[in-house]
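Below: one structure, written as structure tokens.
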Amino acid sequence: MTAITVRNVPEHVRRELAARAERSGQSLQEYLLAALAELATTPRPDDWWAQVRERARTYRGSASSDDIVEALRNVRGE
């Protein structure tokens, strides 16, 4: 596994992260590793929208806008 060093972390930031780790029952290293893993696996909003736009551009479904509106009304109980 690779090590990452973060320099010049303000003391108040380190204290807050350590407190959050303690509240969650984790060491600071465990807490930060979990946070980094989540950060790495969660798409940024602009990347997510780009994926949505690409899927919409290439979608070749057969639902019309009327079909979609009717399905939404059914789900909402209208």
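Gln26 fails exactly one of the following numbered conditions: (1) surrounded by 11 or more Cβ atoms within 10 Å (Cβ to Cβ); (2) in a helix (DSSP H, G or I). What is the number of that condition?
With (1) surrounded by 11 or more Cβ atoms within 10 Å (Cβ to Cβ); (2) in a helix (DSSP H, G or I) applied to Gln26, the lone miss is (2).
Within the group Glu78, Glu16, which residue is part of a helix (DSSP H, G or I) and acidic (Asp, Glu)?
Working: Glu78 fails: part of a helix (DSSP H, G or I).
One residue alone meets the criteria, Glu16.
Scan segment 29-51 and report the pairs whose first residue is without any contact (Cβ under 8 Å) to a residue 60 or more places away in the chain and whose second residue is of a type outside the set (D, E, K, R) and part of a helix (DSSP H, G or I), with Cβ atoms within less than 6 Å and a gap of 6+ or a chain change.
Tyr31/Ala21
Would you confirm whether or not segment 55-65 contains a residue that is on the phi < 0 side of the Ramachandran plot, surrounded by 10 or more Cβ atoms within 10 Å (Cβ to Cβ) and either in a helix (DSSP H, G or I) or at pLDDT 95 or above (or both)?
no
Please work out which one of (1) exposed (fewer than 10 other Cβ atoms within 10 Å of the Cβ); (2) modelled with pLDDT under 95; (3) of a type in the set (A, V, I, L, M); (4) more than 21 Å from the chain's Cα centre (by Cα) is the condition Val6 fails and give its number.
(2)
Has segment 33-43 got any residue that is exposed (fewer than 10 other Cβ atoms within 10 Å of the Cβ) and in a loop (DSSP other than H, G, I, E, B)?
Looking for residues that are exposed (fewer than 10 other Cβ atoms within 10 Å of the Cβ) and in a loop (DSSP other than H, G, I, E, B), one finds none in segment 33-43, hence no.
The values are calculated or read from the model by the stated rules, or taken from the named source; none is laboratory data. It should be emphasised that the depicted structure is a prediction, and the values quoted were computed from it without experimental measurement. No Cβ is skipped: glycine too gets one built from the backbone with ideal geometry, and neighbour counts run over all protein chains shown.
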